[in-house]
1. Report the FRET efficiency, 1/(1 + (r/R0)^6), for Phe52 and Ala102, where r is their Cβ-Cβ distance and R0 is 41 Å, rounded to 0.05.
2. Placing +1 at every Lys and Arg Cβ and -1 at every Asp and Glu Cβ, with all other atoms neutral, what dipole size does the chain have around its Cα centre, in debye to the nearest 20?
3. Subtract the Cα-Cα distance of Leu86 and Leu109 from 0.36 nm times their separation in residues, and report this length gain in nm to one decimal.
4. For segment 94-100, what does the Karplus curve 6.51 cos²θ - 1.76 cosθ + 1.60, with θ = phi - 60°, yield as ³J(HN,Hα) per residue in whole Hz, taken in order and with x for Gly and Pro?
5. Local charge sum around Asn71 (other residues, Cβ-Cβ under 13 Å, Lys/Arg +1, Asp/Glu -1)?
6. Would you give the gap between the C-alpha center of segment 77-155 and the C-alpha center of segment 1-53, rounded to a whole Å?
7. Apply the Karplus curve 6.51 cos²θ - 1.76 cosθ + 1.60, θ = phi - 60°, to the phi angles in segment 57-65 and return the couplings in whole Hz, x for Gly and Pro.
8. With the cut-off at 1.5 for a/c, could you classify segment 35-77 from its C-alpha gyration tensor as rounded, prolate or oblate?
Amino acid sequence: MWDIRFWLFFAVVVLMTGLIIAVKKLRFIDVQIIIMAAALALACDMLLCKQFGLYNWGRDEYRGWYSFWANLFIVPAWGFIFIKFLPKTIKRVIAYIFAWTALSTLFELFIARPLGIVFYHGWNIALYSTIGYFLFLICIYAYYRVMLRQYGRLQ
């Protein structure tokens, strides 16, 4: 249950998020983005990991435990960090989404899989992760825009 690679990655993500919160401040909209990211992550994980068995976080015998913590902290932190550095213009936002998609997929290919943070069983990282990250980031950005319209820039 104590896979050091997973928990080290977990700690790095939580520390990075804490530093960003200290510098950029946590707003109401940010909390809503974190909740939305957790909901999306848990829903996708239930379908792709639990139902279809395409991948799992951490070792097989504790995959539910690792998935729980990853979807509750790691994925929402990733979405939060994405939103905190969002550019202002739509052209830059599009490039930003493509860059985050590419870097996230490369992270999976060259760090998460080789280190055993995530295990894959029929999941094509180059194709499925690229599509998944792109759709996730579009959803997070769209939700962010809705939240801005709803609550305005004053937080």
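Derivation of every value follows stated rules applied to the coordinates shown; laboratory data play no part. All figures in this text were calculated on a predicted structure; none of them were measured in a lab. FYI the Cβ positions are ideal-geometry reconstructions off the backbone, even for glycines, and counts take in every protein chain you see.
1. 0.95
2. Here the size comes out at about 800 debye.
3. Difference between extended and current length: 5.8 nm.
4. Karplus-based 3J(HN,Hα) across segment 94-100 equals 4, 4, 4, 5, 5, 5, 5 Hz.
5. Summing Lys and Arg as +1 and Asp and Glu as -1 gives +1.
6. That distance is 12 Å.
7. Karplus-based 3J(HN,Hα) across segment 57-65 equals 7, x, 5, 3, 5, 10, 4, x, 5 Hz.
8. Oblate is the answer for segment 35-77, as a/c is 1.5 or above yet b/c matches or exceeds a/b.
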